[in-house]
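Everything on this sheet refers to the single structure shown next.
The values are calculated or read from the model by the stated rules, or taken from the named source; none is laboratory data. In this text, all values refer to a predicted model and were calculated from it rather than measured experimentally. Positions of Cβ are backbone-derived with ideal geometry, glycine not excepted, and every protein chain shown enters the neighbour counts.
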Amino acid sequence: MSGIAILAIDGPSASGKGSVAQRVAEALGFAYLDSGALYRLTALAAQQTGVDWSDEDGVAKVALSLDVRFEKGLTFLAGQDVSTLIRSENIGVGASQVAAFADVRQALLARQRDFAVVPGLVADGRDMGSVVFPDAQLKIFLTATAEVRAERRFQQLIARGESADLAAITRDLQSRDERDAARKEAPLRQWGDALLLETSQLSLDQVVECVLSWWKTRTET
Ligand code: CDP
Ligand code: CDP
């Protein structure tokens with residue numbers, strides 16, 4: 001991957017990874033990888049083909065043979081537009097369950113690395129800086145308090161015209177983060193060389209500005 005610039009953004013659910021990474025990628029003219037979407041697609045594909053989320057071998061096979069296409073902001077699974085379907089909390093829970101399996105993570109590794117193209121890539125997830133792109137020029141651990149993150153997810157659903165229950169969102173988000181942090185494989189945490197960006201008091205614009213200035217400092221010195 002030499003010659004390809006990589007900016008890795010990891011962090012818990014609703015910390016703003018996706019929104020920030022997409023805007024930063026656009027500003028830099030880089031490609032964008034939403035690695036969580038691959039885990040969500042794996043969970044959905046398993047569900048659609050009758051493979052239980054607890055069946056590591058079965059889900060790993062599903063992950064290896066995923067027929068996925070990302071096009072114009074939409075996500076297709078075997079030709080079907082599943083952009084909205086994969087964002088449901090149920091599929092988020094499934095993604096978190098299948099993501100705990102080493103064989104599933106291994107099956108998705110090469111697919112994630114394929115997103116790295118010249119001139120560069122902004123990748124978001126849980127292990128972008130630790131496992132998938134350990135040589136990334138800049139690694140950021142993006143976070144915010146659980147209350148702020150739950151409120152952000154709540155507002156996001158309301159803005160999309162979907163029904164939302166703040167208490168249920170808070171509960172689901174916390175239990176998913178606990179499972180992601182407690183697992184043996186690529187647990188959710190701020191790894192040694194990642195810079196912490198606590199965003200509870202920051203707007204999306206301020207976060208994007210901060211990430212871009214860190215990138216400039218890191219790559220121009
Ligand atoms: O990808 P992740 O689950 O980490 O979060 P997201 O879906 O990108 O962001 C959740 C919501 O928080 C979005 O509606 C953002 O606009 C909003 N938000 C943010 O990302 N960062 C802030 N500093 C403030 C709000
Ligand atoms: O948007 P949000 O942060 O809620 O979730 P996501 O990034 O779409 O990821 C869904 C689930 O996939 C997470 O809860 C993790 O268990 C898993 N995941 C992972 O293990 N490693 C990644 N690089 C990305 C996601």
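Structure summary
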quantity	calculated
V117 hydrophobic (A, V, I, L, M, F, W, C), modelled with pLDDT of 95 or more, out of contact with any helix residue (DSSP H, G or I) (no Cβ under 9 Å at 6 or more places or on another chain) and surrounded by fewer than 22 Cβ atoms within 10 Å (Cβ to Cβ)	yes
Conditions (1) more than 14 Å from ligand 1 (Cβ to nearest atom); (2) of a type in the set (V, I, T); (3) over 14 Å from S35 (Cβ atoms): number failed by I169	(1)
Residue that is within 15 Å of ligand 2 (Cβ to nearest atom), basic (K, R) and over 12 Å from D10 (Cβ atoms), where the choices are R152, R189	R152
Among (1) free of Cβ contacts under 8 Å to residues at least 24 places away in the same chain; (2) more than 19 Å from A45 (Cβ to Cβ); (3) in contact with a helix residue (DSSP H, G or I) (Cβ under 6 Å, 6 or more places away or on another chain), the one test that V62 misses	(2)
Residue match in the stretch 44-53 (condition: touching a helix residue (DSSP H, G or I) at 6+ places or on another chain (Cβ under 6 Å), part of a helix (DSSP H, G or I) and either within 10 Å of ligand 2 (Cβ to nearest atom) or more than 24 Å from Q106 (Cα to Cα) (or both))	no
Pick from the stretch 20-65, criterion away from ligand 1 (no atom under 12 Å from the Cβ) and polar (S, T, N, Q), ranking: farthest from G92 (Cα to Cα)	S65
Test: E178 is within 13 Å of ligand 2 (Cβ to nearest atom), without any contact (Cβ under 8 Å) to a residue 12 or more places away in the chain and either of a type in the set (D, E) or assigned to a helix (DSSP H, G or I) (or both)	yes
Residue list for the stretch 88-100, restricted to those being of a type outside the set (V, I, T) and either part of a helix (DSSP H, G or I) or more than 10 Å from ligand 2 (Cβ to nearest atom) (or both)	S88, E89, N90, G92, G94, A95, S96, Q97
Residues of the stretch 192-210 that turn out to be more than 16 Å from ligand 2 (Cβ to nearest atom) and either farther than 18 Å from V148 by Cβ or of a type in the set (F, W, Y) (or both), as a count	4
Candidate set from the stretch 122-145 (those that are within 13 Å of ligand 2 (Cβ to nearest atom) and of a type in the set (V, I, T)); member that is surrounded by the fewest Cβ atoms within 10 Å (Cβ to Cβ)	V131
Residue satisfying all of: in the stretch 1-19; over 14 Å from T219 (Cβ atoms) and in contact with a Phe, Trp or Tyr (Cβ under 6 Å, 6 or more places away or on another chain); nearest to ligand 1 (Cβ to nearest atom) among these	G11
Any chance Q155 is near ligand 1 (Cβ under 10 Å from one of its atoms), exposed (fewer than 15 other Cβ atoms within 10 Å of the Cβ), at pLDDT 95 or above and within 16 Å of S88 (Cα to Cα)	yes
Candidate set from the stretch 183-221 (those that are among the aromatic types (F, W, Y) and not in a loop (DSSP other than H, G, I, E, B)); member that is nearest to ligand 1 (Cβ to nearest atom)	W214
Subset tally (residues that are in a loop (DSSP other than H, G, I, E, B) and within 15 Å of I86 (Cβ to Cβ)) for the stretch 54-74	3
Criterion (within 21 Å of D57 (Cα to Cα), at pLDDT 95 or above and within 14 Å of the chain's Cα centre (by Cα)) met by exactly one of A99, A107	A99
